[in-house]
1. Pairs of Cα atoms under 8 Å, at least six residues apart: use those to get the relative contact order of the chain, whole percent.
2. What do the square roots of 5 times the Cα gyration tensor eigenvalues come to for region 146-189, in whole Å, largest first, as semi-axes of the equivalent ellipsoid?
3. By a straight-distance test (C-alpha under 22 Å), which lysines pair with Lys276 as possible cross-link partners, with residues fewer than eight away in the same chain excluded?
4. Which whole-number value in Å³ per residue fits the convex hull of the alpha carbons of region 218-377?
5. Can you work out the base-10 log of I(q)/I(0) for region 105-235 at q = 0.16, 0.18 1/Å, using the Debye formula on its C-alpha atoms alone?
6. Could you work out the relative contact order of region 132-223? I mean the mean sequence separation of Cα pairs under 8 Å and 6+ apart, divided by the number of residues, in percent.
7. Taking 0.36 nm per residue of separation and subtracting the Cα-Cα distance, what length does fully extending Glu211 through Ala113 add?
8. Which whole-number value in Å² is the accessible area per residue of the chain, probe 1.4 Å?
Amino acid sequence: MASISSLGLSGLPLNDLLADLRKVEEAPLGLLEQRQAAQQSKISAYGKITNALEVFEAAANNLSTEQAFTGLKTTSSNENAFTATAPQGSGAVAGSYQIHVEALASTQSLATAGQASRDDALSATGGTLTFTLGDGSTKTLDLTAGQTSLEDIRAAINEADLGFTATLLNNGSDTTPHQLVFSTTETGADARVAQITSDNADLTDVLGYDEAVASPMSQVAEANDAKVHVNGITLTSGSNTLEGAIEGLTLNLKGTNDAGTPDTLTVAHDTESVRKNIDSFVSAYNSLLSTVRGLSSYDAENNQANVLTGDIVARSVQTRLSAALNSVSPDGELGMLWEIGISTRVSDGALQVDGEKLNNAIANNRMDVAQLFSGEGGLVGQINAAIEGLTGSRGLLTNATEGAKSTISTIQDQYDRTQDRIDQKMANYQKQFVALERYMSEMNGIGSYLTSQLGMLENLSKSNSNS
């Protein structure tokens with residue numbers, strides 16, 4: 001059978017006719033594609049609303065517990081001397097404290113006398129070093145024969161877990177420049193090295209130390225406990241971080257200050273964080289509302305609908321959340337948002353904040369504000385229930401999205417079946433056109449033959465007349 005590329009040899013525009021027929025037959029496919037695109041646009045729009053709902057739900061849940069309203073803020077009048085933190089749920093209470101940092105906790109450093117070499121062994125045999133710390137505990141370090149030089153001891157100490165490190169310094173001496181220095185890793189008197197002994201006299205001659213008597217090693221930096229006075233009460237600590245010295249607070253010492261003019265640590269309710277969380281809640285709701293309205297509004301000026309114009313699911317998002325926000329909280333003296341300065345704007349349904357009224361409510365009725373949001377039957381619970389009804393496994397948005405996906409699948413099946421029918425019909429058209437082409441070719445051949453014969457008869461007639 002002739003292929004489509006052979007059509008038109010008869011002079012008829014059969015290829016053009018076949019292409020035009022295909023355009024006519026495929027017109028319904030374009031409509032199906034438009035329906036699929038419309039459903040895909042709906043799925044995308046539902047996804048945007050779902051994302052906005054998740055942001056709003058997260059903002060609401062930041063206000064979902066009383067702890068969100070009980071956070072404390074610490075303020076130091078001299079952060080060069082100290083700072084403080086009040087971890088959530090630590091039991092700290094609001095108050096003011098006068099603090100004088102008399103001394104910071106410090107580490108200890110011990111140094112050997114200068115030695116001529118850092119690589120020569122201190123002893124031909126090995127031995128054990130025993131370190132007695134300030135808290136009475138002991139640690140030991142075994143040195144093997146041939147590994148007793150200052151360099152060997154430095155490496156061995158740094159590889160062990162002794163509570164201090166070692167380094168070698170050059171003091172600039174022409175004859176004995178090398179000194180081995182031990183430095184404790186933790187601050188405070190309990191972490192200091194109080195004594196160093198050895199079962200090898202050669203090692204003791206260089207590394208021996210006893211804080212009570214003159215020794216081969218000397219203390220070049222003393223380990224001290226921190227000493228701080230809080231409201232006139234003296235506290236000591238081996239660390240510059242004091243946990244629980246003031247109930248619920250962690251005090252971080254940074255430097256000393258003047259005893260005559262102690263600095264102030266103020267612990268107050270963190271109203272700024274509460275206001276920030278509420279502002280984020282309002283902003284997230286307004287952003288959600290803007291998203292829904294943008295997807296479902298109608299442009300009357302240009303007579304143009306949006307993807308969710310008239311969509312019942314989009315309307316339900318607005319009505320359900322509006323109902324949740326305007327519900328009454330049964331706990332506390334404050335039962336509705338407008339009582340703390342948050343009202344609904346009539347023009348577009350967005351939330352608007354009276355900043356002064358909200359700040360006063362947080363400052364003077366903080367726990368009632370907490371109950372409004374997080375109490376039994378409070379706004380956050382109402383909001384979460386509304387969002388669950390929209391995005392949960394059986395929610396409106398979930399069902400609508402799955403419905404749109406199912407519609408796309410159905411349209412695709414219809415598209416495929418239509419395409420198959422068109423392909424079959426076009427194949428039939430092609431067969432008919434090929435047959436027509438063959439027939440026309442045969443007719444053209446017969447016409448040419450007859451024309452040739454008639455020409456011959458005419459010539460024969462002319463020849464007979466002339467004779």
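1. 22
2. Over the Cα atoms of region 146-189, the semi-axes work out to 22, 15, 6 Å.
3. Partners within reach: Lys73, Lys357.
4. Cα convex hull per residue, to the nearest whole number: 247 Å³.
5. So the normalised log intensities are -0.76, -0.95.
6. About 23 percent, as a whole number.
7. Gain on extension, Glu211 to Ala113, equals 33.7 nm.
8. Here the residues of the chain average 53 Å² of exposed surface.
The values are calculated or read from the model by the stated rules, or taken from the named source; none is laboratory data. Quantities reported herein were computed from a predicted structural model and do not represent experimental measurements. Ideal geometry is used to build each Cβ from the backbone, glycine not excepted, and the neighbour counts take in all protein chains shown. Accessible surface areas use protein heavy atoms only, side chains included; no ligands, DNA or RNA. Shrake-Rupley method; radii C 1.70, N 1.55, O 1.52, S 1.80 Å.
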